[in-house]
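Here the structure is laid out as structure tokens; the discussion comes afterwards.
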Ligand code: TRP
């Protein structure tokens, strides 16, 4: 297992987190048709933003127990499929992962984002306005700051920053989200959010976006397909329940979660694993006049609803087909990430998502794990050893 990383240089034991993830990134850039030059630039960006963690040998444990991915790799990739073009490649990372505690993690992350933004000519003023809310001196919670880059042609990415609503305590998360929305001019946005269990992330688009979004991510425990379909609060042109039609989201949920009854004629779904990650919804605000979100995304943690990645990929392929998309880049991306057989583990495909944004066609997004540290065994097979493979 350890010797099978694609393109791994030299003997096993000499590879680093930065080396491993940047080789994966180079392979993915090729899949989506970015030039070799852009790919090199983005691979250097990734290692620079990981800071000291990039140099860390892969046979040491992960730099911190980040929940960015299940095996604590502080990097996750995604492919977002749009009609008539190559999918967009994005990389989510934790720039402060080398820090020893959460306060330093946040400070390091903020500094890395500001430095990179300055190089790209990207303004961070909207982030600066929120620093006291999300990056207090003694932060709480599972993370401080993550950053996602959308790797466009030309070497300058689009930038998104993810912040923790519970940074000043879980009990303050709602008030923090409300205040952050208010500071950014979205006075009525908080009241537009659907019922939920938890505020998970507060995210900002920075830089060169046609319509930069402010996004609120919510967790929903134990949802039915019909409830998932009813989460969107977008306005928009459709008379059948707004821009993100309930039926479309409901169908997406059923297929992604394996509850479409395709094989069993509609019988009860297979029993769930003991602990499943919640379904998430994201509500994107771009203007404040309507008080309503202009975008809605439904995220299904397919890895908790499928026995192995072979099944997750079958569902992803079905969903892409329904939305008129060629699954070939997804399958090529999987080969760029790992040599393992998809059936030999679960979690390479972390989430499947369906996004509706006003003025744009719906997008299917597949979130793909690096698995730099471990592969979760498939369901139904007792692992011969613990899940960690190195
Ligand atoms: N790993 C975390 C989770 O599963 C955070 C995360 C990473 C996430 N990528 C994501 C959440 C994509 C939603 C969508 O919750």
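Among the residues of the stretch 135-158, count how many are within 16 Å of the ligand (Cβ to nearest atom) and touching a helix residue (DSSP H, G or I) at 6+ places or on another chain (Cβ under 8 Å).
Kept after step one, since they are within 16 Å of the ligand (Cβ to nearest atom), are these residues of the stretch 135-158: 141-150.
Now narrow it down to the ones that are touching a helix residue (DSSP H, G or I) at 6+ places or on another chain (Cβ under 8 Å): 141, 143-147, 149.
The number of residues fulfilling the criteria is 7.
List every residue pair whose Cβ atoms sit under 7 Å apart, with the two residues 6 or more apart in sequence or on different chains, where the first one lies in the stretch 72-85 and is more than 13 Å from residue 337 (Cα to Cα) and at pLDDT below 95 and the second, anywhere, is in a strand (DSSP E or B) and more than 10 Å from the ligand (Cβ to nearest atom).
Between residues of the stretch 72-85 that are more than 13 Å from residue 337 (Cα to Cα) and at pLDDT below 95 and residues that are in a strand (DSSP E or B) and more than 10 Å from the ligand (Cβ to nearest atom), the close pairs are 82/88; 82/363.
Name the strands (runs of 3 or more DSSP E) wholly within the stretch 145-259 that hold at least 2 residues that are closer than 20 Å to residue 289 by Cβ?
Details: elements: 145-150, 158-163, 198-206, 214-220.
The qualifying strands (runs of 3 or more DSSP E) are 198-206, 214-220.
Which members of the stretch 278-318 meet the condition of being more than 15 Å from the ligand (Cβ to nearest atom) and part of a strand (DSSP E or B)?
Correct list: 285 only.
On the basis of being part of a helix (DSSP H, G or I) and closer than 17 Å to residue 66 by Cβ, does residue 109 make the cut?
On the way: part of a helix (DSSP H, G or I): yes; closer than 17 Å to residue 66 by Cβ: yes.
Yes; evaluated as a whole, the condition is true for this residue.
Would you tally the residues in the stretch 343-357 being away from the ligand (no atom under 12 Å from the Cβ) and surrounded by fewer than 22 Cβ atoms within 10 Å (Cβ to Cβ)?
Going through the stretch 343-357 one residue at a time, the tally reaches 3.
Name every residue in the stretch 196-226 that is in contact with a helix residue (DSSP H, G or I) (Cβ under 9 Å, 6 or more places away or on another chain) and farther than 21 Å from residue 143 by Cβ, in order of residue number.
If the condition is that a residue be in contact with a helix residue (DSSP H, G or I) (Cβ under 9 Å, 6 or more places away or on another chain) and farther than 21 Å from residue 143 by Cβ, then 207, 208, 212, 223, 224, 225, 226 are the ones that fit.
Run residue 82 past the list (1) within 18 Å of the chain's Cα centre (by Cα); (2) buried (at least 21 other Cβ atoms within 10 Å of the Cβ) and report the number of the one that doesn't hold.
With (1) within 18 Å of the chain's Cα centre (by Cα); (2) buried (at least 21 other Cβ atoms within 10 Å of the Cβ) applied to residue 82, the lone miss is (2).
What are the residue pairs meeting all of these: first residue in the stretch 183-211, first residue farther than 26 Å from residue 224 by Cα and without any contact (Cβ under 8 Å) to a residue 60 or more places away in the chain, second residue away from the ligand (no atom under 16 Å from the Cβ) and part of a loop (DSSP other than H, G, I, E, B), Cβ atoms under 7 Å, and 6 or more apart or on different chains?
Listed by first residue and then by second, the contacts come to 183/129; 183/130; 205/212.
Which condition number does residue 387 fail, the rest of (1) at pLDDT 95 or above; (2) more than 25 Å from residue 232 (Cβ to Cβ); (3) within 16 Å of the ligand (Cβ to nearest atom) being met?
The number of the failed condition is (1).
The values are calculated or read from the model by the stated rules, or taken from the named source; none is laboratory data. Quick caveat, the model's predicted, so the values are computed rather than measured. Cβ: placed from backbone, ideal geometry, glycine included. Neighbour counts: every protein chain shown.
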